[in-house]
Structures are given as C-alpha cells and as structure tokens.
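The values are calculated or read from the model by the stated rules, or taken from the named source; none is laboratory data. Because the structure is a prediction, the values reported are computed rather than measured. Cβ: placed from backbone, ideal geometry, glycine included. Neighbour counts: every protein chain shown. Remember, those area values only see protein heavy atoms, side chains included, never the ligands or the DNA or RNA. Shrake-Rupley method; radii C 1.70, N 1.55, O 1.52, S 1.80 Å.
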Amino acid sequence: MDTLKKVEGLRIRRISGSSAGAWCAVFFTCGKSTSDWADSYRRTADNMADGCALLEAYVRMRDVIPDDAHLRCNNRVFISITTVSLAGVIHSEVISEFHSRDDLIDACVASSTIPGLTGALLGGHATFRGKTVLDGGILNNTPLFRGNDRRQIVVDLANVAYSGYLSFTAADPCIEGLVIRGALEARRFVDGHGGSGTSIGWVAKDAVVADCNSVASRAWTVMFYGSLVLASAPVLLLVRGLQTATKAVDSAVGNVSAAYGRAIPKLSLPNKVLVASMVAGGLCTLK
C-alpha cells in the first residue's frame, strides 16, 4: 500500500477489506507506515506467547490505532462482516460508518472471527452491534464497490503463497520478508507487469459485481464451510488440547521452581508435549 500511495497520479479514495484486509485498510487510512505494521506484528507475537488467541492479542494493542481513527475512516474504510441470525442464516454486510475508535476496532475483530483459529474453538464467536458475526471473507472475501465510475485495484491474498499456519499464529520469524515481497509485487503492478495469478490487479469500472447474498452463493458457502469444519474439527480439538496441556506443564514447572527456590530452564515444545502425554498416561493408569 505504501508503494501504491507514492505513485504519481494515483489517488486512493476508498478502501474495502475483510479479515486481515480490514486491519490493513484501517492502518493505511490512519497514516500508519509499514514499519508500524511490522512492529504491531511483533507485539502480537509476544501477546500470543503469553497465551492469548490471535484476536485477543490484537485487541490488546488498541493504543496502536489513533483516538480519532473512526473519524478518519468514516466513509473511507468499508469493512466486510458476516452476520449469523438466530435461525443460523448467514448474511454479508459492509460497515462504513463508525461511532468511535472502539467501534471501528470491534468491526475489524468481527471481520476476522474464525472460531478455533482466531479465537476459542467453543464459544469463540463474536458479536458486533448486537449481532453474532463471523469472518467477512466467508461470504465476501474481496468486497468490491458497486456502481463505481472508476477502476478499482484489488489485492487478493489468495494469490499470495504463504503458510496457513503462520497466517493465524503471528509466528513468522522474518515478517519483513513478506513486507518486501509485497512492495516488489506492488512495484511490478505499477510498472505494468501484473496479470493472472498475481496478488494485485485492476477491476474495470464496468465490471459486474457478484451478489454474495444470493441464495445460491450462501447455500454453496454453508455446504463448503460446513464440510471443512467437520473435517478439521478433530485436528482443532487436538491442537487446543495440546495448547492447554503445555500451559499446564509451564504452570507446574513454575510451581516446582518456586517451591525449591531454584530456576528451572524452560522446556521446549516437544518436551512439554512429552511430559503432558506421560502425565495423561499416568492418570489413565490410576483410573
């Protein structure tokens, strides 16, 4: 985005986004630099190391967003969210007016909520203005402007080769590499070398925008994500179980260290899993 902003004759009037794109839109509109974003990534990693889920780690950094962010973003930032009714019906909405900085941040959180990945597996849903919400990308991953009289630039993260694990853990040891790659792709786009398969491209001003709230679109989404959740639920439960077990090992090591008055070196993750497995096996034997 910093690269595009510097292009002569290119004026960015509005930005829309879902999930990570919503946060990027807010950062850009609030005048935050790439180095600010990289610093927030490292702070997120530190918060997650303390046991926070991804979105909880984000919310801890409210101070990164300026107090007047909602005024800067009103009618300039458009955030895609997915609402869920009491009957389980999903619907895509785009939010462009914000009452306060916290309301803006809550909209970004709503747009990024995936139970089991960005928050708790059970009870991990979020609410926004009284509605149950899920990740905006579920129905409208690339929110385009309708009835537009000018071309639009689309940044499609689906075309960025990046680890799915790192996307939800803030564990990339060299996030600067991703920043540099983004800047290079933006420069190639500006120089006219973008095209099919790249992450940045043009959308013609007369392009037809699909209706993400059509019955067919929502039915396909429910079937696709329903099957995905059923397939991944056992893995997510195992991961959460291991996270809980390793935290318990950390707590036990801390208690032993305090009891004997001696510092005990931190265990590596594989050793924590081994200790937790041994304890679980012992408990099963006792039963």
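Structural remarks
- Cα gyration tensor shape for segment 40-96, rounded if a/c is under 1.5, else prolate or oblate: oblate
- In Å², nearest 10: area of Val154 left accessible to a 1.4 Å probe: 30 Å²
- Charge tally in the Cβ shell below 12 Å around Thr118, where Lys, Arg are +1 and Asp, Glu are -1, Thr118 excluded: -2
- Residue by residue, segment 52-64 carries 3J(HN,Hα) couplings of 6, 6, 4, 5, 4, 5, 4, 5, 5, 9, 4, 5, 5 Hz when phi is fed to the Karplus relation 6.51 cos²θ - 1.76 cosθ + 1.60 (θ = phi - 60°); x denotes Gly or Pro.
- Surface accessible to a 1.4 Å probe, per residue, for the residues of segment 55-97, Å²: 50 Å²
- Solvent-accessible area of Leu178, all protein chains in place: 50 Å² (probe radius 1.4 Å, heavy atoms, ligands and nucleic acids excluded).
- Of the chymotrypsin sites (Phe, Trp or Tyr not before Pro) found in segment 131-194, those in coil by DSSP whose Cβ has at most 14 other Cβ atoms within 10 Å are Tyr162.
- In Å², nearest 10: area of Arg187 left accessible to a 1.4 Å probe: 100 Å²
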